[in-house]
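Structure first, then comments.
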Amino acid sequence: MRAVIQRVSKASVEIDGETKGKINKGVLILLGIENEDTQEDIQWLSAKIAKLRIFPDDEGVNNLSLLDVEGEGMVISQFTLHASTKKGNRPSYLKAAKPDVSIPLYNQFIEHFEGEIGKKVATGEFGAHMNITLTNDGPVTILIDTKNKE
C-alpha cells in the first residue's frame, strides 16, 4: 500500500462538475493498493497517518498529529502510485491491484482511518475521473509505502 499524504488547509474532490467531498485543515491521502496488501497494511498505515506529527505547535515546530489538531481527512484512490517507469515512456501498472481486490481494501482503509481519527472522512469515487483541488499547507508532502517502512 502506498500513500501520498499532504497536509492541507483545505481540499475538495469534484466528479462530473459536482463536489463529492471537501475538508478544511487536515490531510489529503492519495492511496494506491497492490495485490499483496493485507489488513496489517491497512491497520499500520491508518494508525501511522493519524499519529504523524506534521502539524505545527505554538512554536512552529511540527510536533502535533492529526489527532492533536482534530483535523479532517480525505482519502482518494490512486492506482497510478504503483506505476513502473523502468522501461519505455508509458508507465506500467502491473503492481496495482485490480478493482475486485482494491475496492474492498480501499473501503476497509477508509473505515479503519475513520476509527483512528474518530470522524468521517471525505472520499472520491473509486474509478471515477476526479478533479482534486487542494491548498498544501507548508508545503508538507510525505510518501509512505507499507512494504518499505522507513
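The values are calculated or read from the model by the stated rules, or taken from the named source; none is laboratory data. These numbers were taken from a predicted model, which means no experiment stands behind them. Quick reminder, even Gly has a Cβ in these numbers, built from the backbone with ideal geometry, and neighbours come from all protein chains shown.
Which ranges mark the strands (runs of 3 or more DSSP E) fully within the stretch 1-98 that have 2 or more residues being free of Cβ contacts under 8 Å to residues at least 60 places away in the same chain and surrounded by 13 or more Cβ atoms within 10 Å (Cβ to Cβ)?
Of the strands (runs of 3 or more DSSP E) lying wholly inside the stretch 1-98, those with at least 2 residues that are free of Cβ contacts under 8 Å to residues at least 60 places away in the same chain and surrounded by 13 or more Cβ atoms within 10 Å (Cβ to Cβ) span 26-32, 62-64, 72-77.
Name the residues in the stretch 113-139 that are under 18 Å from residue 15 (Cα atoms), aliphatic (A, V, I, L, M) and surrounded by 20 or more Cβ atoms within 10 Å (Cβ to Cβ), would you?
Passing the criteria: 121, 122.
Quick one: residue 110 ticks every box in (1) over 21 Å from residue 10 (Cβ atoms); (2) modelled with pLDDT of 95 or more; (3) touching a strand residue (DSSP E or B) at 6+ places or on another chain (Cβ under 9 Å) except a single one, so which number is it?
(1)
Quick check: is even one residue across the stretch 81-96 over 16 Å from residue 1 (Cα atoms) and modelled with pLDDT of 95 or more?
no
Collect the residues in the stretch 105-130 that are not in a helix (DSSP H, G or I) and not hydrophobic (A, V, I, L, M, F, W, C), keeping them in residue-number order.
Hits for the stretch 105-130 are 118, 119, 120, 123, 124, 125, 127, 129.
Please find, among 80, 135, the residue that is within 20 Å of residue 25 (Cβ to Cβ) and of a type in the set (Ser, Thr, Tyr).
Selected residue: 135, the only one of 80, 135 that is within 20 Å of residue 25 (Cβ to Cβ) and of a type in the set (Ser, Thr, Tyr).
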